[in-house]
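**Q** Sharing a structure below in structure tokens format, with a few things to ask.
The values are calculated or read from the model by the stated rules, or taken from the named source; none is laboratory data. What you are looking at is a predicted structure, and each value in this text was computed from that prediction instead of being measured. Positions of Cβ are generated from backbone atoms using ideal geometry, with glycine treated the same way; all protein chains shown enter the neighbour counts. Heads up: the accessible areas ignore ligands, DNA and RNA and are worked out on the full protein's heavy atoms, side chains in. Shrake-Rupley method; radii C 1.70, N 1.55, O 1.52, S 1.80 Å.
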Amino acid sequence: MKAASKFLMCTALVAAALPASAQTVPAPAPAATVHPEIWPQAKWPYKADPAVERRIADLLRRMTLEEKVGQVVQGDIASLTPADVKKYHLGSVLNGGNSAPNNDEFAPASEWLKLADQFYAASVDKSDGGVGIPVIWGTDAVHGHSNIVGATLFPHNVGLGAMHDPAVMRKIAQATAAEIRATGIEWTFAPTITVPQDVRWGRAYEGYSSDPKLVASYVTQFIEGLQGAPGSTNQLKGPYVLASTKHFLADGGTFGGQDQGDARIPETVLRDIHGTPYVAAINAGVQTVMASFSSWNGEKITGHKGLMTDVLKKRMGFGGFIVSDWNAHGQVAGCTNATCARAINAGLDMYMAPDSWKPIWESLVAQVKSGQVPMSRLDDAVANVLRVKIRAGLFEAGAPSTRPLSGKYELLGSAEHRAIAREAVAKSLVLLKNNGSLLPLKPGARILVAGDGADDVARQSGGWTLTWQGTGIDKKYFPGATSLYQGIDGAVKAAGGSATLSPDGSFTGAKPDAAIVVFGETQYAEFQGDIKTLQLKPEQRAPIETMRKLKAQGIPVVAVMLTGRPLFVNPAINASDAFVVAWLPGSEGAGVADVLFRDKAGKVQRDFTGTLSFAWPATADALGKTLFPIGYGLKGASGTTVPALSEDAGVVETDAGGVFMDKGLPSTSWSLEVGGAGTGGNTRITTVPAQSGGGRVKVTATDHGVQEGARRFQIDGSGPAEIVLRTQSSVDLTRETNGDVLLLATMRVDEAPTAEVKLAIRTGAGGGNVTLGRMEQLPVGEWKTLGVPLKCFNSGNVNMNTVDAPFILSTTGRATVSIARVALGTVADVKLTCAK
């Protein structure tokens, strides 16, 4: 991510000039005040080592202020270079979900190792007289080494929770660690030990369960699989990496399930629900903890001294270091992405400042000099970072390419690792319905495989897969992976039958003996997955009608649902004879077929053993009744019959959620207007054909995808003109702006503009814009999706938490454009870069 560097620099300098009292840690509100004495005490497995402490003291004595500050700053590889690591003595780098070597999201593993060597060499270069402390690289290997093409993709945590098998968790962690080490990286931001209480949260699938005891039961096995036994050192001499439990604390307890929101709960609930897994993590010796974006009773965790210092470090005894989430310090009261003394003063040890690393470094240097950040607190933070690096053996490990497992790319997606993933998939499946004991299916059958998710490895893998959102990825980037259909096809043929793929469920010839319909959610990550109600989006429901049609023809229907959370899908349960929740299984789709089918001899290959680790809802109301409780899950031969269920969702249809215009029509609560740019008097378009006052802009319907699925705007060039999408109730886009989110417009240039075109966002009286030139990047006559990073609009007079017009296309010349859709997202045909 690229920062608006001039703006950030100015902000940093202003903050640095503030008096010390302006950035100290104020007392939290009473509701956010902790009482450390009521929290549990863990057993940190590392005893103080006098030799290590002497080594740290010696390093601190020799380090300059600038070197010390560098150790507590982490930048993203898309926003810095090895030369920056050397110049600013940075202690860590990370690759965000969309960051990769050479800005190539699909870069081969060898390029990752090459870049790791370059960062390492820069960090230990002492030619400028520095101490030369090795850099550590962190990555989000949250379901395998999932940024790397060809890596094994394990089921997401929501599926692993249904597995109820801690021993398999250790094997998954060990395999993941080995694949990470093959690329020269030392640190993963995993495991996620959140305890989601509201699955409307877009990160619910990163949690194992809503039950803190189940989550805690997994923690020890997974951390030991990544790091080795509690108390072990020199991980880099073996097949291990450093772990990071996240997100401390109550990221899964926010009001309404809002990502980065506020957990409005008593301290006892904070402790007993969300704090429980951290006892196991500390006992296992987890080396790092990631502080949450979220807040507790109004106080952001990243600036909460009571939780980070008094509870986690002092009371619970955590002896590693705390790292923040992606620019989370910028959300702390009184802070910006460029400056936040309050975070380190509260106990943060490392700023994850992906694109803001330089202004954070500069402001911290100034704040230590002024006394805003005491030197003692900086020394403590640096010591915590150094202690973890020394324990891991980083100083003696040498260049990444010289370490054990480095360059052994055959470990990526190895047969052994894929077998572990396949086992996990099979054990994670939950059978909700099996009327007539349809499953497992008999050998020698003719099987029809339908549904839009049947042959799509990217979709079955979910978010955090090669890219942040996991969307827009060609199947060629999943070498060795098996889609659900491929797994089914192989199993059916092995048992003497045949399988036919038909996404819409159509078939010719003999009627199938059974149909398997794969449907469910599409990929998302973080706040992009937040929903208002517990139901599929309308465009994801088409396969349910396919089920109904097949069942009406007398064909037994097996529904297989891909999802990151329990949802109201009673219509699909009713339309099927058997219903299987496959969650987000990852690259080994054959694990599903292992359970769906008998072998050629008619024997059960593997029975259903998975049970729900979250309650399954009876309606789409997140506060409504439960249909299937935690622990529910049928066996193949249970004989249990699920009766017809109510298909009343119990809620009104959800809002558009990041979609401002679709199929040429503004979404609910949004309006489409045309008129003279900046002159007022715009005309709201409710029907077509229509035109603005004076006829400067004429609007007609045109086709895209469906008949009249877009609107055509003919601008006559007689004066300033604009096309606007706006709302009466502003929306908050600060999270999206901090992320890699784009403003997307699916459009076609019908007549090239004769003058400059600008795209703007309005926030009340302020706003920001980018120039599109004469739209030369969009070929005339072709539909393309244009993407502009939201941060490109984030100039000094823009308040992204009060956006009332996220799309204003304006020009003074003649032009004709057709627009089908305007939304937020991450995949574009043409992506603009922000002006420097």
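**Q** May I ask you to verify whether Thr465 is surrounded by fewer than 22 Cβ atoms within 10 Å (Cβ to Cβ), on the phi < 0 side of the Ramachandran plot, hydroxyl-bearing (Ser, Thr, Tyr) and in contact with a helix residue (DSSP H, G or I) (Cβ under 9 Å, 6 or more places away or on another chain)? Please lay out each step first, then the result.
**A** Values: surrounded by fewer than 22 Cβ atoms within 10 Å (Cβ to Cβ): no; on the phi < 0 side of the Ramachandran plot: yes; hydroxyl-bearing (Ser, Thr, Tyr): yes; in contact with a helix residue (DSSP H, G or I) (Cβ under 9 Å, 6 or more places away or on another chain): yes.
Judged against the criteria, Thr465 is not a match.
**Q** Another one. Filter segment 814-836 down to the residues that are basic (Lys, Arg) and surrounded by 16 or more Cβ atoms within 10 Å (Cβ to Cβ), then identify the one that is farthest from the chain's Cα centre (by Cα). Spell out the reasoning first.
**A** Within segment 814-836, the subset basic (Lys, Arg) is 814, 821, 831, 836.
Okay, now just the ones that are also surrounded by 16 or more Cβ atoms within 10 Å (Cβ to Cβ), so 814, 821.
Details: Arg814: 42, Arg821: 24 Å.
Restricting to residues being basic (Lys, Arg) and surrounded by 16 or more Cβ atoms within 10 Å (Cβ to Cβ), the top hit is Arg814.
**Q** On to the next question. Among the numbered criteria (1) closer than 24 Å to Met352 by Cβ; (2) part of a loop (DSSP other than H, G, I, E, B); (3) of a type in the set (A, V, I, L, M, F, W, C), which one does Val149 miss?
**A** The single condition Val149 does not satisfy is (1).
**Q** In segment 643-664, what count of residues is obtained for those that are under 35 Å from the mean Cα position of the chain (by Cα) and modelled with pLDDT of 90 or more?
**A** Within segment 643-664, the subset under 35 Å from the mean Cα position of the chain (by Cα) is 645-664.
Next cut, modelled with pLDDT of 90 or more only: 645-651, 659-664.
Summing the residues that are under 35 Å from the mean Cα position of the chain (by Cα) and modelled with pLDDT of 90 or more in segment 643-664 gives 13.
**Q** Can I ask one more? Condition first: under 30 Å from Arg264 (Cβ atoms), within 26 Å of the chain's Cα centre (by Cα) and hydroxyl-bearing (Ser, Thr, Tyr). Can you find one or more residues in segment 307-326 that meet it?
**A** yes
**Q** While we're looking at this one, here's another question. Filter segment 58-91 down to the residues that are out of contact with any helix residue (DSSP H, G or I) (no Cβ under 8 Å at 6 or more places or on another chain) and in contact (Cβ under 8 Å) with a residue 60 or more places away in the chain, then identify the one that is least open to solvent (accessible area, probe 1.4 Å).
**A** Glu67
**Q** State whether the residues of segment 108-119 include one that is at pLDDT below 95 and either assigned to a loop (DSSP other than H, G, I, E, B) or small (Gly, Ala, Ser) (or both). I'd like the intermediate steps shown before the answer.
**A** Going residue by residue through segment 108-119, those that are at pLDDT below 95 are none.
No, because not a single residue in segment 108-119 is at pLDDT below 95 and either assigned to a loop (DSSP other than H, G, I, E, B) or small (Gly, Ala, Ser) (or both).
**Q** Against the definition (in contact with a strand residue (DSSP E or B) (Cβ under 7 Å, 6 or more places away or on another chain) and at pLDDT 95 or above), how does Leu441 come out, yes or no?
**A** On the way: in contact with a strand residue (DSSP E or B) (Cβ under 7 Å, 6 or more places away or on another chain): yes; at pLDDT 95 or above: yes.
So Leu441 fits the description; yes.
**Q** Also, quick follow-up: Could you go through segment 223-237 and let me know if any residue there is among the small types (Gly, Ala, Ser), under 22 Å from Ser324 (Cβ atoms), open to solvent by less than 20 Å² (accessible area, probe 1.4 Å) and in a helix (DSSP H, G or I). Walk me through it before giving the result.
**A** Just the residues of segment 223-237 that are among the small types (Gly, Ala, Ser), to begin with: 225, 228-229, 231-232.
Checking the rest, the ones that are also under 22 Å from Ser324 (Cβ atoms) come to none.
No, segment 223-237 contains no residue that is among the small types (Gly, Ala, Ser), under 22 Å from Ser324 (Cβ atoms), open to solvent by less than 20 Å² (accessible area, probe 1.4 Å) and in a helix (DSSP H, G or I).
**Q** When you look at Ala424, is it crowded, with 22+ Cβ neighbours inside 10 Å and assigned to a helix (DSSP H, G or I), yes or no?
**A** Yes: the conditions hold for Ala424.
**Q** Which one of the conditions (1) open to solvent by 10 Å² or more (accessible area, probe 1.4 Å); (2) modelled with pLDDT of 95 or more; (3) in a loop (DSSP other than H, G, I, E, B); (4) closer than 24 Å to Asn98 by Cα does Gly472 fail to meet, given that it meets all the rest?
**A** Here Gly472 clears every test but (2).
**Q** Check whether at least one residue in segment 695-703 is part of a loop (DSSP other than H, G, I, E, B), in contact with a Pro (Cβ under 9 Å, 6 or more places away or on another chain) and crowded, with 23+ Cβ neighbours inside 10 Å, and report yes or no.
**A** Taking segment 695-703 and keeping what is part of a loop (DSSP other than H, G, I, E, B), we get 696.
Still in the running and in contact with a Pro (Cβ under 9 Å, 6 or more places away or on another chain): 696.
Next, only the ones that are crowded, with 23+ Cβ neighbours inside 10 Å stay: none.
Within segment 695-703, none of the residues are part of a loop (DSSP other than H, G, I, E, B), in contact with a Pro (Cβ under 9 Å, 6 or more places away or on another chain) and crowded, with 23+ Cβ neighbours inside 10 Å.
**Q** Further, regarding this structure: If you scan segment 704-717, which residues turn out to be open to solvent by 50 Å² or more (accessible area, probe 1.4 Å) and either in a strand (DSSP E or B) or closer than 17 Å to Leu809 by Cβ (or both)?
**A** Our first condition is that a residue be open to solvent by 50 Å² or more (accessible area, probe 1.4 Å); within segment 704-717, this holds for 704-708, 712, 714, 716.
Correct list: His704, Val706, Gln707, Glu708, Arg712, Gln714, Asp716.
**Q** Can you pull out every residue in segment 527-565 that is open to solvent by 10 Å² or more (accessible area, probe 1.4 Å), under 18 Å from Phe507 (Cβ atoms) and assigned to a loop (DSSP other than H, G, I, E, B)?
**A** Gln553, Gly554, Pro556, listed by residue number.
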